[in-house]
Each structure stands twice: as structure tokens, then as C-alpha cells.
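Laboratory data are not the source of any read-out in this text; all were calculated from the coordinates shown. This is a predicted model, so every value here is computed, not measured. FYI the Cβ positions are ideal-geometry reconstructions off the backbone, even for glycines, and counts take in every protein chain you see.
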Amino acid sequence: MPTIDYTTNRINALLNEIDQLKQSEFPYAHPRDALDLLEKRFRHHLNLLQRIPSTAPASVIHNQCSVSLYDLHIFTPILGFILRSTNVRNAFEVYDPLLRLARTILVADTKLILSSEWEYSPYVYRSMTHMRGFVLIGLPAPESSNPLLIPLAGHELGHSAWETWRLSSGFELGIENAVLKEITTKRWKDYHALYPQYTKADLSRDHLFTPLTWMPAYTWALLQIEEIFCDFFGLRLFSESYLHAFEYLISPGTPGQRSVRYPNITSRVSHLTKAAQEMKVVISPQFESSFMPETEPPEPSTKLLVSIADTVSTSLVPDLIELAKKFATDRSVPERDEEEVSKISDEIRHRVAPTSSSQSLTDILNAGWECFLDKELWKEVKQIGHENRYRVLQDIILKSMEVSEVQERVRE
């Protein structure tokens with residue numbers, strides 16, 4: 001049967017690719033560990049195919065071939081991600097401090113792969129069932145060597161924490177109840193205009209048909225609170241530097257319709273402002289005005305349901321702020337130390353040199369952003385022309401991370 005031959009050839013081609021990738025020079029061990037894991041996975045597929053008897057029904061063959069084809073679709077992009085992790089465009093100096101932070105937040109044997117993505121947005125691979133314990137974080141390729149954007153990895157680590165510790169479970173029932181209450185008490189007129197065949201008594205999970213009419217609002221609210229939590233978590237981890245990196249990469253936003261998976265950008269920025277005030281993080285006066293509004297969905301049912309999701313997710317902002325703070329504090333994640341930030345920024349400004357002592361990633365990044373935003377930085381240093389200022393600052397920030405990691409290992 002050609003299906004089984006085609007499938008075998010496809011798997012062998014991927015195994016050959018893995019073998020080629022293993023010849024690469026990896027700057028750290030975890031990408032190679034991931035390749036070993038994937039090789040084992042696909043050799044298992046190959047073994048199962050070889051054990052299918054020639055007399056097996058077509059349905060059995062198709063089922064096994066389909067499962068392996070699904071895995072090819074899922075894991076081929078991971079191989080590309082692993083390949084890009086070897087590229088010198090990546091800021092290798094940040095790897096060890098970020099791994100240390102990830103292990104503090106998640107579990108002690110967490111494995112990290114830091115790479116670049118050909119999407120202009122930080123990205124984390126999620127729900128990797130066959131790669132448990134791995135965190136894969138990608139920064140946009142043009143910015144993957146820019147240490148000032150590392151605070152955005154805090155958002156992506158938030159996704160890993162949310163999933164690893166099943167943080168959504170504390171909200172699921174409350175969101176369902178809130179969606180139904182919002183419809184029946186405040187949005188009934190709009191809902192009934194769309195679905196006149198139903199009464200308020202019909203709105204429950206147990207009804208045969210009505211969940212199809214309101215469940216998207218529940219799903220979107222659940223997705224939105226995860227994104228809100230991740231913003232708050234990034235803010236708790238990296239303080240002002242998270243807001244600066246967020247504004248750098250996202251403002252003023254792109255034209256077009258908003259994503260229902262996120263709060264609209266106006267709400268998202270407003271939530272961040274509220275969280276910053278709660279966490280005593282200084283926020284610049286122009287932060288909120290740096291973003292332009294997004295367009296809402298025009299289709300009536302989507303517009304209603306996403307509006308309900310927005311209302312419900314916004315009502316949970318205080319709880320999500322407290323959760324982000326408590327989660328980080330319970331794991332002894334360091335907060336920004338203003339005195340240390342000043343010390344690091346003074347060394348950069350006056351000595352044009354990296355810090356000489358062990359410092360937290362948070363403090364280094366906040367000092368880096370202070371210097372970046374200082375328009376007078378190194379104006380009197382003639383050897384550093386204006387066109388080189390940004391590059392030199394990036395190098396010093398990365399070297400500060402490297403020095404701090406060495407000092408930390410010596411201390412340990």
C-alpha cells in the first residue's frame with residue numbers, strides 16, 4: 001500500500017534532518033536534548049509502521065499514518081526553531097540568566113531554548129505534550145540580539161507558568177457564571193434580538209443548544225485573562241523595563257480588527273497602567289497615548305460576545321494583579337532594586353563599562369533602559385559617535401549579564 005511507503009519516507013526524511021541538525025554547534029545543551037527527544041518520538045512512529053501486518057485493514061494503516069503526519073506538521077517548525085537557536089544573531093549572553101529565572105518560576109529541571117522567530121512578536125511554543133519540561137521562547141529575528149527586549153520574555157514565561165500550574169482552573173467556573181449573569185442582567189435585549197427562540201431559563205451549560213450561543217464569550221474571556229496575567233507577570237518580573245519593551249515593540253499598533261483572544265489594545269494598556277500603579281512601577285505620562293484604538297468586530301453576534309468577554313476579563317483585573325504578584329513572590333523572584341539599578345546605570349554612563357558585580361537580570365535591564373532613554377548619554381565621549389551609541393549600549397548590557405552570571409556561579 002503506497003500510503004505506508006510514503007509515510008515511512010516522510011519520517012526517514014525528518015530523521016535525516018534531525019541527524020544533520022545534530023552536527024550543528026549548539027551554544028548550550030538543551031537544543032540537542034530536544035533533538036534526542038524528537039528522534040526518539042519519530043523512531044517510535046517508524047517502529048509502529050514496520051509492525052503493521054500486510055493484511056491489516058486500510059483503516060488501521062490510515063490511522064497510524066495520520067498520527068505520524070500530524071506529528072510532522074507539529075514538530076517540523078520546532079526543528080526550524082532549534083536550527084535558528086544556533087544563529088549568532090541571538091543574544092547568547094542572556095541565556096543563562098533567563099534559564100535561572102525560568103527554573104525559579106517553573107521547576108528546577110526546566111530546559112530552555114531561546115531562538116528567533118520570523119514573526120514580529122515574541123512567541124512561546126505551548127502545549128508541547130511530547131516535550132514536557134521544555135520552554136521555547138522566540139524573539140523577532142530582527143530584534144533577537146537586542147537585550148532591551150528580553151523583558152518581553154516575562155510575558156512568555158507567564159504563559160508557561162499559567163499552563164504548568166493550571167492557573168486557569170481557579171477562574172473557569174467564575175467566568176462561566178459571570179458570562180451568563182452579564183447576558184441575563186445587562187445584555188438580554190441584545191442577546192434576545194439575536195436568539196429570540198431562547199428564554200433566560202434556557203441559558204445553561206446543560207441545555208442542548210444555547211451553549212453554542214454564549215460559549216465563545218467564555219472561551220475568549222478565559223484566553224484574555226491569560227494574556228492579562230502574562231502582562232502583569234512580565235511587569236512584576238521586569239518592572240519599568242517591561243513597559244518600555246512593550247511600547248517599543250507594539251506601539252502604536254497595526255491597523256485593522258482586534259483579536260478576540262486579547263483585550264483590545266486600549267483596555268490592555270489600561271490594565272497595565274493599573275497594575276503598574278499597584279506594583280509601584282513608574283509609568284511614563286505618554287504610555288497610554290502611544291497606542292491607537294483597534295477596530296471592533298462588525299458581525300453582530302461576535303461583537304456582542306467579545307464585548308461580554310471584555311467586560312468579564314476586565315472585572316478580574318484586580319485578582320490577576322494579586323495572582324501575578326503572589327506567584328512571583330512565593331517563588332522568591334527578585335524585584336527591581338532601585339539602588340542597584342542606579343549603580344549599574346552610573347557604571348554604564350560614567351565608565352562606559354558593564355557592571356562588575358552580580359546583579360539581577362531585572363536590575364540590569366532597567367538600568368539599560370534608563371541609559372537608552374537618556375538623550376545625553378555619552379555625548380561627551382567623542383569615540384562613540386551617535387550612530388554607534390545604541391550598539392555599544394547593547395554590548396555593555398549583554399556583557400553585564402555575562403559578568404553577573406559568572407559572579408553568581410562563583411558565589412554558588
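Quick notes on this one:
- Semi-axis lengths, largest first, of the ellipsoid equivalent to the chain are 39, 34, 18 Å, with √(5λ) applied to each eigenvalue of the Cα gyration tensor.
- Spin-label model, residue 389 to residue 120: label points 7 Å out along the Cα-to-beta-carbon direction sit 2.4 nm apart.
- Altogether, the Stokes-Einstein calculation at 25 °C and 0.890 mPa s, with the Kirkwood radius of the stretch 33-147 over Cα pairs as Rh, returns a diffusion coefficient of 153 µm²/s.
- Dipole check for the stretch 1-158: with +1 at the C-beta of Lys and Arg, -1 at the C-beta of Asp and Glu, and the Cα centre as origin, the magnitude is about 380 Debye.
- Measuring against 31 Å, Cα to Cα, the residue pairs 303/326; 280/382; 111/325; 189/280 contain 303/326; 280/382; 189/280 as the ones spanning a longer distance.
- FRET efficiency, residue 44 to residue 219 (Cβ-Cβ, R0 35 Å, nearest 0.05): 0.60
- Rough spin-label spacing in nm, given labels placed 7 Å along Cα→Cβ, for residue 350 and residue 251: 3.0
- Between residue 164 and residue 63, the distance separating the two model label sites (each 7 Å from Cα on the Cα→Cβ line) works out to 3.6 nm.
- Of all DSSP-defined beta bridges confined to the chain, some 20% are antiparallel rather than parallel.
- Whether the stretch 139-291 is rounded, prolate or oblate, judged on the alpha carbon gyration tensor where a/c under 1.5 counts as rounded: prolate
- As a length-normalised measure over Cα pairs under 8 Å and 6 or more apart, the relative contact order of the chain settles at 15 percent.
- With the highest mean first, a sort of the peptides 170-179, 50-59 on other beta-carbon atoms found within 10 angstrom per residue produces 170-179, 50-59.
- Column: log10 I(q)/I(0), Debye, Cα scatterers of the stretch 93-146, q = 0.14, 0.28, 0.29 Å⁻¹: -0.38, -1.13, -1.16
- Listed peptides 282-295, 305-318 by packing density, highest first (mean Cβ within 10 Å): 305-318, 282-295
- Taking the stretch 140-163 and a reference point 7 angstrom along Cα→Cβ of residue 261, the backbone N atoms nearer than 19 Å belong to 140-141, 152-163.
- Using a Förster distance of 41 Å, the FRET efficiency for residue 290-residue 411 (Cβ separation, nearest 0.05): 0.55
- Around the Cα centre of the chain, unit charges on the Cβ atoms of Lys, Arg, Asp and Glu (plus for the first two, minus for the last two) sum to a dipole of about 740 debye.
- Span from the the stretch 72-107 Cα centroid across to the the stretch 143-217 one, whole angstrom: 30
- Near residue 7: Cβ cut-off under 15 Å, other residues only, Lys/Arg at +1 and Asp/Glu at -1. The net charge is +2.
- Overall form of the stretch 236-347 per C-alpha gyration tensor (a/c, 1.5; a/b vs b/c): oblate
- Between residue 13 and residue 89, the FRET efficiency from the beta-carbon distance, with R0 = 30 Å, is close to 0.65.
- Residues 382, 181 arranged by fewest to most Cβ contacts within 10 Å: 382, 181
- Across the stretch 338-411, Cα-Cα distances exceeding 19 Å account for 28% of all pairs.
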